[in-house]
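Only the coordinates and a few stated rules stand behind these numbers; no lab work does. Please read all numbers here as calculations on a predicted model, not as lab measurements. Here the Cβ positions follow ideal geometry from the backbone for every residue, glycine too, while neighbour counts run over all protein chains shown.
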Amino acid sequence: MDMTSPTDAATASFDPSTATIAIVTYNRSALLTRLLESIGRMDPKPGHVVIVDNASTDDTTEVVESLREQLGTELVYRRLDTNTGGSGGFSEGMRVAYELGSQWMWLMDDDVEVVPDGLALMGKWAPRFKSVQGRRYDYDGSAFYWQYRIAESMAIPIPFAPAGFDESGYKEMNSGCFEGMFIHRDIVQQIGLPDPRFFIYWDDQMYGWLASRLTTSVIVDDFVLRRTREIKQHDFGVRHMNASSNAYRFYIMRNRGHMKQYYRSVGAYNPIAFNTGTALTFVKELIRLVLVERTVRGTSHLFRGLREGRRIARDRSWKPMAPLD
């Protein structure tokens, strides 16, 4: 009698050596150390680990080299000449992983740890889906809620999408987060690399949305990452709102221009709905300033982002990222 469970059978059909973990880091060597040490404890391990260093000025290079042997898998370290933001870092990380021949690419920031069996937990879904997001523990050990669905026509997250799972263990999503995105080579080939023009913000949502138009994308009820950085936030009881920065405020509004261009490129742009989403984003950032950061300073960066976003949206030479060969 075959005593293999369905989960065991699914995991057995996934080859961990075909997966690459791609990490983006910038001046946070202590956090990167924790992440790399957690990868060293993984079982199974990925075939490769790619670290993209956004021109850090701390001891990141020394830390990477000191932990290279401890990882127990092949490490590729790319130190960029300039800071390209999270968007540029993940674009480079995915490019390297793709050129290594990786079938699966698991993206993450430097402020998380991987649970020891994280890759096995993700791998059990690999035979069924090609775009998978695992769950995360928050800094305090609680379940971190991520807004996995967007109001598509407005291109903004739905903050109160149900958090619970049924017996299937997954829910369909139409978004994405580079803090844990697990995506198959076939989908990357069709979309192309993440767009470095975003620099920060909206890049992963856009990439996940594009993926959901090509395949069934899911968030699964398996905790695979643990956040290791505490972020100032305001608790609304049901959901919370994190603190931000002036740079984030600028790019949150500016990158709506790139998003509008992507929506146009796939024939999904509805001017009234999309502009409503932009207005709601602006209001949300004002609320964040007042309730989380207890100030009204910073609104000039929102307006500056809006102006730059309009310029991007008017650029007739704009083109989406090209599919890969």
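Order by neighbour count: 290, 50, 64, fewest other Cβ atoms within 10 Å first, most last. Before the final figure, lay out each step's value.
On the way: 290 12, 50 26, 64 23.
Fewest-to-most ranking of 290, 50, 64: 290, 64, 50.
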Would you mind checking the radius of gyration and Dmax of the chain based on alpha-carbon positions, in Å? 19.4, 69
Exposure proxy check: 76, 49 ranked by fewest other beta carbons within 10 Å? 76, 49
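Once fully extended, how much extra length lies between residue 78 and residue 273, figured as 0.36 nm per residue of separation less the alpha-carbon to alpha-carbon distance?
Details: separation 195, 0.36 × 195 = 70.20 nm, distance 4.04 nm.
Result for the pair: 66.2 nm of gain on full extension.
Relative contact order for the chain: what is it in percent, counting Cα pairs under 8 Å that are at least 6 residues apart?
Values: 636 pairs, mean separation 61.5, N = 325.
19 percent.
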Listed by chain and number, the aspartates and glutamates with an alpha carbon less than 17 angstrom from that of residue 284, same-chain partners under 8 positions apart left out, are 235, 293
FRET efficiency estimate (nearest 0.05) - Cβ-Cβ, residue 265 to residue 143, R0 30 angstrom: 0.25
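For a footprinting-style exposure proxy, rank 284, 45, 319 by other Cβ within 10 Å, fewest first. Write down the numbers at each step before the final one.
Values: 284 15, 45 20, 319 8.
Ordered from fewest to most neighbouring Cβ atoms within 10 Å, 284, 45, 319 come out as 319, 284, 45.
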Highest average packing first - 134-140, 83-89, Cβ atoms within 10 Å: 83-89, 134-140
Under a straight-distance cross-link criterion of Cα-Cα below 17 Å, which lysines are reachable from residue 260, leaving out those fewer than 8 residues away in the same chain? 319
For region 90-224, just run the numbers: alpha carbon Rg, then divide by 2.2 N^0.38 Å, N being how many residues it has. 0.99
Quick one: putting +1 on the C-beta of Lys and Arg, -1 on the C-beta of Asp and Glu, what dipole do you get for region 26-113 around its Cα centre, in Debye to the nearest 20? 220
Among 261, 189, 147, which one moves the most in a GNM of the chain with springs linking Cα atoms closer than 10 Å? 189
Picking from 97, 261, 20, whose Cα lies most toward the positive end of the charge dipole for the chain (charges on Cβ: Lys, Arg +1; Asp, Glu -1)? 261
Inter-part distance where region 86-102 and region 257-280 are each reduced to a Cα centre, Å: 27
Could you work out how far apart the two model spin labels at residue 287 and residue 304 are, taking each label as a point 7 Å from the Cα in the direction of the beta carbon, and quote it in nm? 2.6
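Dipole size in debye (nearest 20) for the chain around its Cα centre, Lys and Arg Cβ +1, Asp and Glu Cβ -1? Provide the component values of the computation, followed by the final result.
On the way: 39 positive and 40 negative charges, 398 e Å.
Magnitude of the dipole: close to 1920 debye.
In nm, what is the difference between 0.36 nm times the number of residues separating residue 70 and residue 27 and their Cα-Cα distance? Numbers along the way, then the final one.
Details: separation 43, 0.36 × 43 = 15.48 nm, distance 2.12 nm.
Stretched fully, the residue 70-residue 27 segment lengthens by 13.4 nm.
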